[in-house]
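Comments concern the structure below.
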Amino acid sequence: MSAPYTVRVAENPADREACFAVRKEVFVVEQGVPQDIEYDAYDAVAVQVLAVGEDGVPLGTGRLLYGARAAEKTGGDPSLGSLGRLAVRREARGLGVGVALVRAIEEAARARGLTAVDLHAQTHALGFYERLGYTPYGPEYPEAGIPHRAMRRAL
């Protein structure tokens, strides 16, 4: 049986708006992240990935930064990608959407010749990323008022 959703790179303005709507629901409304820091200049250049249910409803999203933009977030190494803004709507959690989004972002990173992916994980999500092969490093730190840790996975 196939999953009740598809995951694809956001290829048009409607897809990108769907990604932003999911992020607003999860980060701004649910987690209280200020809207003015949720969206940034990286959004215009990132690879946005979107999960959509069989009914066409957006279920989740994430983004990949690479090249110079990722180097700004990963300490200057252009061979690293930066996975970020991973969000799954509450009603879609537990369906494997987050795993599918991470794997799609990793595939996009491989396609661009990257050797590893870094991310800033909310500490409550460390176990999720560890199950996907990510290793935490460095100290815990606040980001948007939420505890985070840096993590990395070689591709």
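The values are calculated or read from the model by the stated rules, or taken from the named source; none is laboratory data. All figures in this text were calculated on a predicted structure; none of them were measured in a lab. Neighbour counts are summed over all protein chains in view; Cβ atoms, including those assigned to glycine, are modelled from backbone coordinates with ideal geometry.
Some values worked out for this structure:
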item	result
Sole residue being in contact (Cβ under 8 Å) with a residue 40 or more places away in the chain and within 16 Å of Ala10 (Cα to Cα), chosen from Leu101, Leu114	Leu101
The stretch 84-103, residues that are buried (at least 20 other Cβ atoms within 10 Å of the Cβ) and out of contact with any Leu (no Cβ under 8 Å at 6 or more places or on another chain)	Arg85, Ala87, Ala100
Candidates Gly76, Gly127, Gly145 - the one that is closer than 26 Å to Glu25 by Cβ, surrounded by fewer than 17 Cβ atoms within 10 Å (Cβ to Cβ) and either polar (S, T, N, Q) or modelled with pLDDT under 95 (or both)	Gly145
Residues of the stretch 6-45 that turn out to be aliphatic (A, V, I, L, M), at pLDDT 95 or above and not in a helix (DSSP H, G or I), as a count	3
Of all residues making up the stretch 81-106, the number that are small (Gly, Ala, Ser) and farther than 22 Å from Tyr39 by Cα	4
Qualifying residue in the stretch 105-118 (condition: surrounded by fewer than 16 Cβ atoms within 10 Å (Cβ to Cβ), among the hydrophobic types (A, V, I, L, M, F, W, C) and closer than 25 Å to Tyr5 by Cα)	yes
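Listed here are the residues, each with its yes/no results for (1) of a type outside the set (D, E, K, R); (2) under 22 Å from Tyr129 (Cα atoms).
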| residue | (1), (2) |
| --- | --- |
| Thr6 | yes, yes |
| Arg16 | no, no |
| Arg23 | no, yes |
| Glu30 | no, yes |
| Ala51 | yes, yes |
| Glu54 | no, no |
